[in-house]
Amino acid sequence: METSTLLTTDQVASFVARGFLTLEAVVPEAINARAMEQLPGLFRGWLDEFTGVAPGASDGELLSQRPPRSGTTLHDAYAADSPFGAMVRVPAVAGAIRSLVGDRPVVDHHFVHIKTAGDLHAQGLHCDAIIDEGLAFDIQLFWFPHDVAPGEGGTRFVPGSHLRRVNMDDVARYQHLSGEQYFTGPAGTVVIFHQGLWHAGAPNHGTKDRVMGKLRLNPTQPQLRLWDTSDLAARNRGDDHMFARMEPGSVAAALRRSEPWYEPSTHRLETVQRARLWRHLTGDDGFDVDWYLTRTERRAALSTP
Amino acid sequence: MSVRQQVLMLWLASPSLEAHVLGWSFFDGTSGTGPQPATDPPYPTGVAALVDGWRLLQMSPMIPPTSGHEREPSFLKHEFVFERLID
């Protein structure tokens with residue numbers, strides 16, 4: 001918003017390949033402390049409204065904390081001194097938002113997720129909302145305003161799952177996937193998810209409630225070269241091929257990365273999906289990884305009547 | 001207590017039971033009183049589960065990709081379902 005630090009090409013390429021980006025301990029302690037005071041109340045307010053015990057008209061404090069309506073411009077959605085308003089104005093966070101969804105995204109919704117101490121329920125794996133089409137994407141900010149140690153309810157998530165076409169909890173069957181992660185990290189860490197990333201609430205074996213603020217943002221402009229692209233041209237080759245010539249530092253090298261839970265055959269299809277998304281983000285229709293798109297496009301051009 | 005079923009699901013790296021395990025789930029009809037998986041993953045391959053006495057119930061059919069969607073990844077492809085009966 002006021003000031004921001006744009007993401008690098010490496011960070012955006014990693015986001016495209018893995019579906020998440022971690023901004024470790026970027027939110028200052030004072031904002032985290034405010035969040036720990038107020039976010040649980042926001043959750044209780046939602047719970048009351050959901051269960052029909054809506055806050056009374058005279059309850060000014062609760063009314064002032066009611067969430068913004070879906071579609072509200074992020075800049076107008078939160079007071080600068082509110083927890084979410086202060087968090088999205090942190091330069092590193094503001095820069096990441098701007099780099100991924102532009103400078104005028106709108107709020108889809110926010111929610112406060114509380115995993116109480118001793119709650120050992122393991123939520124089924126899922127992606128939020130419904131099955132999605134197209135290349136444009138939303139982002140979801142997962143803000144942990146306090147330290148989360150292993151086993152203390154840090155969100156479970158599956159790197160590289162964001163481009164698989166599934167609907168909501170149709171993936172709940174998967175209890176263990178190689179390479180999955182459970183968030184751990186210091187207070188003030190914000191993990192940004194691609195909308196499609198598989199995740200789940202995890203058991204909290206700790207002695208403190210785990211609090212997490214989640215904010216989903218929709219882009220309102222083409223997501224075209226929004227990050228710091230000063231180093232992009234030299235690294236954006238379309239002929240980087242693992243069985244021919246590979247260039248150290250190329251974007252293709254980042255997008256070629258596999259995940260431990262990928263079938264080798266599907267890994268190649270993931271590479272194709274990432275290359276398509278990278279073309280969308282850069283406007284470079286000649287970009288490719290391992291020649292998968294190029295060879296088929298050239299053949300198709302030959303066979304078109 | 002009657003005979004109860006434990007179900008082990010393995011997702012493998014290829015359609016072969018000899019392929020290595022990418023993911024797994026365990027559903028326990030004994031509510032924890034029967035033998036439990038001891039390692040993560042419980043077996044390195046599908047064949048290793050057979051060797052340990054699990055019976056194969058089902059494996060993913062080999063379905064040709066849907067035309068126009070050949071390159072879209074979705075669920076894990078190579079799912080194997082095993083059972084073990086506990087008396």
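The values are calculated or read from the model by the stated rules, or taken from the named source; none is laboratory data. These numbers come from a predicted model, not from an experiment. Cβ: placed from backbone, ideal geometry, glycine included. Neighbour counts: every protein chain shown.
Numerical summary
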quantity	calculated
Verdict on A:Val190 being in contact (Cβ under 8 Å) with a residue 24 or more places away in the chain and within 14 Å of chain B (Cβ to nearest Cβ)	no
Test: residue in region B:63-74 that is touching a strand residue (DSSP E or B) at 6+ places or on another chain (Cβ under 8 Å) and either surrounded by 19 or more Cβ atoms within 10 Å (Cβ to Cβ) or away from chain A (no Cβ under 14 Å) (or both)	no
Only one of A:Ala33, A:Ala13, A:Ala17 that is more than 24 Å from A:Asp128 (Cα to Cα) and of a type in the set (A, V, I, L, M, F, W, C)	A:Ala33
Among the residues listed as A:Ser230, A:Ser178, the single one being small (Gly, Ala, Ser) and within 14 Å of chain B (Cβ to nearest Cβ)	A:Ser178
Test: residue in region A:257-270 that is under 19 Å from A:Leu163 (Cβ atoms) and away from chain B (no Cβ under 14 Å)	yes
Answer from B:Gly46, B:Gly34 - the residue that is away from every other protein chain (no Cβ under 14 Å) and touching a residue at least 12 places away in the same chain (Cβ under 8 Å)	B:Gly34
Scan of region A:1-24 for residues that are touching a Pro at 6+ places or on another chain (Cβ under 6 Å) and modelled with pLDDT under 95, ordered by number	A:Thr3, A:Ser4, A:Thr5
Residue in region B:56-79 that is aromatic (Phe, Trp, Tyr), within 11 Å of the chain's Cα centre (by Cα) and at pLDDT 95 or above present	no
Wholly enclosed strands (runs of 3 or more DSSP E) of region A:88-199 bearing at least 2 residues touching a Ser or Thr at 6+ places or on another chain (Cβ under 9 Å), under 24 Å from A:Leu255 (Cβ atoms) and assigned by TED's automatic domain parsing to the domain that holds A:Arg66	A:189-194
So A:Asp209, is it more than 11 Å from chain B (Cβ to nearest Cβ), closer than 18 Å to A:Leu21 by Cα, among the acidic types (Asp, Glu) and in contact (Cβ under 8 Å) with a residue 12 or more places away in the chain	no
Some residue of region B:2-19 being out of contact with any Asp or Glu (no Cβ under 7 Å at 6 or more places or on another chain), of a type outside the set (S, T, N, Q), within 11 Å of another protein chain (Cβ to nearest Cβ) and free of Cβ contacts under 8 Å to residues at least 24 places away in the same chain	no
Checklist (1) away from every other protein chain (no Cβ under 13 Å); (2) closer than 15 Å to A:Glu263 by Cβ; (3) in contact (Cβ under 8 Å) with a residue 40 or more places away in the chain applied to B:Trp54, failing item	(2)
Criterion (within 14 Å of the chain's Cα centre (by Cα) and either surrounded by fewer than 18 Cβ atoms within 10 Å (Cβ to Cβ) or over 30 Å from B:Pro41 (Cα atoms) (or both)) met by exactly one of A:Gly213, A:Gly179, A:Gly188, A:Gly238	A:Gly213
